[in-house]
Amino acid sequence: MYLKKITFVCLVFLLSAAILAGCTTKDPQDKTAIPPADNGQEQPADNDENKDKTALQIFFTRDNQGKIETVPVTREVVLDSEDTSVIAAKALELLYGGPSNNEKEQGLVNSLPEAKLLELTLERPHVILNFSKEFEQFGGTSRLHAVLEQLTWTMSSVPGIKSVILMIEGERVGTEKQPFTGEGALFNDLTIDPAAETAATLGPADTLDLFIAVIPEVEKMWALMGPNAKGVYGSAGNIEYTAFSEGLGSWKSYQVTEEKIEGDIAIVTIKGDQELEGQKQPNAVYTAYMVRENGQWKWDFPPDK
């Protein structure tokens, strides 16, 4: 289920932090230094004014009557490349640039702790973020939730990324072997809630990315299944998640080669490296049948002919 691994050694930069308490989600100089982020505040005029700009969505948090909600904002930026890893790195740069003055007046803050991003690696539909040890040196359950939500939603807004794998100093965290922070947080991949309003806006290819990313979490898989698939399994508990993990969930280095939409039906074709029952299958092709149900795209089985 992974795209060709692209290791993108992110340029080291200093992150800014904002300490929060309480959290819930609203459906939400040297050559190595990352330049200052465009945080929505007025910037000096430069040669980028006449270049095409891309809208990137990032997520901050704010206190809403004692509860912390995750709020999306949009930044228009000039990108040097359309490479997914470059876009993801830019989104993180903007995130750490913090909210604009106007956004601060609306109560928006950046919850992420001060740390260095050591490396960003893309394995579609996952992005692997490797931070310095300072990234987990904070406390509080609510702030923990805010940090994870900001990362998950900001990275998932990048096409081709629907999951975050978090590492500290090269070691994966959130596992039983290595819980995250002093709160002992356990998680697998960080993925958005398929039932969230934002998920309903995803196109067929992005929905397929999300479906692959959530395997083998059966409840999330169930939320992303169409009527034919649900008819076959009957309930989330009957999903053969092991078969999915060894099949569609094992795709690596894939890319979307076709997204064909006709009404409420779409065909998405991916090509890449698959590992099936321990056997590597390079340049394999998979065609997904997608249906739009109540405005949201779902992975499904084709109807019987």
Pulled fully out, how much extra length does the chain show between GLN106 and GLN281, if you take 0.36 nm times their separation in residues and subtract their Cα-Cα distance? 57.9 nm
Roughly speaking, what is the centre-to-centre gap between the stretch 239-305 and the stretch 74-132 when only Cα atoms are used, to the nearest Å? 29
Fewest Cβ neighbours within 10 Å first, please rank LYS280, LYS177, LYS220 accordingly. LYS177, LYS280, LYS220
When each of LYS220/LYS298; LYS220/LYS260; LYS252/LYS280; LYS67/LYS220; LYS67/LYS133 is checked by Cα-Cα distance, pairs over 21 Å: LYS220/LYS260; LYS67/LYS220; LYS67/LYS133
With R₀ set to 51 angstrom, the calculated FRET efficiency between the beta-carbons of TYR233 and LYS133, to the nearest 0.05, is 0.75
Where does each of 90-103, 226-239, 155-168 land if you order them by average Cβ count within 10 Å, highest first? 155-168, 90-103, 226-239
25 °C / 0.890 mPa s Stokes-Einstein diffusion coefficient of the stretch 198-300, Kirkwood radius on C-alpha pairs, µm²/s: 177
Give a quick list of GluC sites (Glu not before Pro) in the stretch 274-305 that DSSP marks as loop, anything other than H, G, I, E or B, with at most 14 other Cβ atoms within 10 Å. GLU277
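Quick note: the coordinates plus some simple rules give every number you see, no bench work behind them. Nothing here was measured: the structure is a model prediction, and the numbers come from that model. Note: ideal-geometry Cβ built from the backbone for every residue, glycine included; neighbour counts use all protein chains shown.
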